[in-house]
Amino acid sequence: MNGLSLFSGIGGLDLAFEWAGGKVKAMCEIEPYCQKVLRKHWPHVPLFEDIRELRSADVGKVDIIYGGFPCQPFSVAGNRKGQDDDRYLWPEFSKLVSEIKPRWVLAENVPGILRIAADDVCSDLERQGYCVGICDFEAAAVGAKHRRERIFFVAHSGRSLRQRGFEQRTLRDEIERGTAYQPERPSCSPAPYSDSKRCEEQRESIKLPETHAAFGCCGWWESEPRMDRTSHGISYRVDRLRALVNAVVPQQAYPVFKAIKEADDNAEAI
């Protein structure tokens, strides 16, 4: 499965996609610092700068388009102007979906989008012939010491899958069948975050590739530097903080990509 990554940031979703067995065919990111990070870690992947100038001919055919379009129009930290915000770029995302027509679409954003623009996202995709579902996963469910709740819109081309004998199977079916890991909603108590046994169980459930397995446990979060170090001359300090704030925790998105990949593979096998 190959994919087009939009609003790539520093590659959080891209790591999760690759862990699930996907191959990143192209990326699109406008922030200069994030571009440096992407070029370092994905040097051979074409990187486009502005989604408003990106066309299907630049990318070609892909199996999935995924990305987290800007959250500022929906975030509680902003004015929540929604469609009236200049940074409301879902229409650009939707336009590329319409042009390229991938089998799958994954769009990520903050919970505030549910009140402001979720209907637009679902309606746009459904008008293009996609079946759409919504998943809500938190970084806390994979061992992080913060919630970082994220909404994932997952859509597949129902017609394409039905033609291959996949009429009744959906992403939710895959999760409920146990072929994909669905994190439990964390308790408000801090206990789960410090419970190494719980984290180990989560890591085993997620089944990350061996080279990344340690990322799913509490030990990885414990090794993060304290924030007070950021005031002692770290290069690109502001850019790094902005990139991290906007990023998606890869482990958080991995179960969604894993379910998509398994559903797609099963459809091809029928």
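The values are calculated or read from the model by the stated rules, or taken from the named source; none is laboratory data. No experiment lies behind these values; they were computed from the predicted model shown. No Cβ is skipped: glycine too gets one built from the backbone with ideal geometry, and neighbour counts run over all protein chains shown. Each accessible area value is taken on the protein alone, full model and side chains, heavy atoms only, with ligands, DNA and RNA left out. Shrake-Rupley method; radii C 1.70, N 1.55, O 1.52, S 1.80 Å.
Looking only at segment 14-32, count how many residues are part of a helix (DSSP H, G or I) and surrounded by fewer than 15 Cβ atoms within 10 Å (Cβ to Cβ). Steps first, answer last, please.
To start, the set of residues in segment 14-32 that are part of a helix (DSSP H, G or I) comprises 14-19, 32.
From the residues that got through so far, the ones that are surrounded by fewer than 15 Cβ atoms within 10 Å (Cβ to Cβ) too are 32.
Looking only at that region, the number is 1.
Applying a threshold of 9 Å to beta carbon distances and a minimum spacing of six or more residues, or different chains, the list of pairs starting in segment 113-124 at a residue that is closer than 19 Å to H156 by Cα and ending at one that is open to solvent by 60 Å² or more (accessible area, probe 1.4 Å) and in a helix (DSSP H, G or I) reads D120/Q83; D120/P91; D124/P91.
Rundown of residues vs (1) under 23 Å from N2 (Cβ atoms); (2) at pLDDT 75 or above, yes/no style:
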{"residue": "D85", "(1), (2)": "no, no"}
{"residue": "A107", "(1), (2)": "yes, yes"}
{"residue": "P111", "(1), (2)": "no, yes"}
{"residue": "I116", "(1), (2)": "no, yes"}
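Select from segment 33-68 the residues that are aromatic (F, W, Y) and open to solvent by less than 20 Å² (accessible area, probe 1.4 Å) and list them in ascending order. Result: Y66, single match. Just one of the listed residues (R177, R127) is open to solvent by 20 Å² or more (accessible area, probe 1.4 Å) and at pLDDT below 85, and it is R177.
Does R52 satisfy the criteria of being modelled with pLDDT under 95 and in a loop (DSSP other than H, G, I, E, B)? No; evaluated as a whole, the condition is false for this residue. Filtered by the rule that a residue be part of a helix (DSSP H, G or I) and of a type outside the set (K, R), segment 91-116 gives P91, E92, F93, S94, L96, V97, S98, E99, I100, I113, L114, I116.
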